[in-house]
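The values are calculated or read from the model by the stated rules, or taken from the named source; none is laboratory data. All values derive from a computational prediction rather than experimental measurement. With ideal geometry, Cβ positions are generated from the backbone for all residues, glycine too; neighbour counts draw on all protein chains shown.
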Amino acid sequence: MLIKLPRSSDCKSSEITPESFYLSRRKLLGASLAGAALGALPRLGAAAEVSRYADVEAGSAPRWFSDKLGATRWQAVTVNGEAITPFKDATHYNNFYEFGPDKGDPAANAGSLKTEPWSLVVDGEVAKPGRYALEDFVKPYQLEERIYRLRCVEAWSMVIPWLGFPLAEVLKQVEPTSKARYIRFETLEDPKRMPGQRSGFALIDWPYVEGLRLDEAMNPLAILAVGMYGRELPNQNGAPLRLVVPWKYGFKSIKSIVRISLVAEQPATTWQGLAPDEYGFYANVNPTVDHPRWTQARERRLPSGLFSPNVRDTLMFNGYADEVASLYTGLDLRRNY
Ligand SMILES: Nc1nc2c(c(=O)[nH]1)N[C@H]1C(S)=C(S)[C@@H](COP(=O)(O)O)O[C@H]1N2
Ligand SMILES: [Mo]
């Protein structure tokens, strides 16, 4: 599937969202991580594959990942005429509050995350619940490269080449029961290795939780990612397994998943619970529904700097309307933001 897009021209720099606006999202979370001891080193590469992308820092891929990479379908989905965000930006400008509130904190601190071994539970309204070692969980699936836009609710965006497989294929395997109407995801809870989960940062009720309606989860664009830029996921991007839902604001794309549950009721999710007037359950990218404190009509496409802010118009459903708009017929998107 090739997703074609009109090129949207850049806007004036006066129209950009000042960072100070969304920094208040951080204030909402309380104090910064005052002096937390963050001794861990970033995970730097031993030997690794040669990446298809420039300037990609080598990782140390687990065996199961290297084994799967050979059969990957490259560029199964792409965007036309939009540059892929440099690896450096995609891995050093992150939101992963478990590792701290600042954009550089995940890169600095996520080295402490231990991703091997990793186990994952699938439970709730499914005919085939289970607890899996990650390598067993991913075994049935062929990796595909999906080059997607990622649009954060804070009005910045990137283009990232993910490696993953459709969530719909997982659902086929585990067989949701007739009672399953939503899917709920949970991130690892490990205050020892996740400094953001310790003291002074108490507003988030850990673990981080996200969810989708079952029909959204079945949409072919929704994937579980295990890699990006031709390599395994760096810790700060949600290793070893994360969700990617490209038509929704970035906070829906939950990282470092340990539990997937099929449920009957709409799950209580992290950002909606924190500030329900600002962050909804749906969180579909929508340039016509502003955040109470800033416009969602435009975004800064990274890399973005003072002299080239690289601002562009935000597209309905982040440019994926043809694929997903039909999921929302009859739903008032102004109320269900
Ligand atoms: N567990 C967890 N998942 C998370 C977050 C988080 O803080 N914790 N931040 C979200 C937000 S706000 C965004 S924009 C994306 C950022 O993904 P990236 O850092 O890989 O670009 O991750 C999302 N997933
Ligand atoms: Mo975000």
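Between 90, 110, the distinction of being out of contact with any strand residue (DSSP E or B) (no Cβ under 6 Å at 6 or more places or on another chain), within 16 Å of ligand 1 (Cβ to nearest atom), of a type in the set (Gly, Ala, Ser) and touching a residue at least 60 places away in the same chain (Cβ under 8 Å) belongs to 110 only. When residues in region 149-183 are screened for being touching a strand residue (DSSP E or B) at 6+ places or on another chain (Cβ under 6 Å) and either under 18 Å from residue 284 (Cα atoms) or in a helix (DSSP H, G or I) (or both), 12 of them pass. Any chance region 83-102 includes a residue that's buried (at least 19 other Cβ atoms within 10 Å of the Cβ), more than 16 Å from ligand 2 (Cβ to nearest atom) and more than 30 Å from residue 263 (Cβ to Cβ)? Yes, some residue in region 83-102 is buried (at least 19 other Cβ atoms within 10 Å of the Cβ), more than 16 Å from ligand 2 (Cβ to nearest atom) and more than 30 Å from residue 263 (Cβ to Cβ). Determine whether residue 286 is assigned to a helix (DSSP H, G or I) and either aliphatic (A, V, I, L, M) or at pLDDT 95 or above (or both). Criteria not met by residue 286. Pairing each residue of region 150-165 that is under 11 Å from residue 314 (Cα atoms) with any residue that is at pLDDT below 95 and away from ligand 1 (no atom under 11 Å from the Cβ), provided the two are 6+ apart or on different chains, yields C-beta distances under 6 Å for 155/17. For region 207-226, the criterion of being within 12 Å of ligand 1 (Cβ to nearest atom), over 22 Å from residue 111 (Cα atoms), among the aromatic types (Phe, Trp, Tyr) and in contact with a helix residue (DSSP H, G or I) (Cβ under 7 Å, 6 or more places away or on another chain) is satisfied by no residue at all. Considering region 232-283, the residues that are part of a strand (DSSP E or B) and not aliphatic (A, V, I, L, M) include one that is nearest to residue 312 (Cα to Cα), namely 248.
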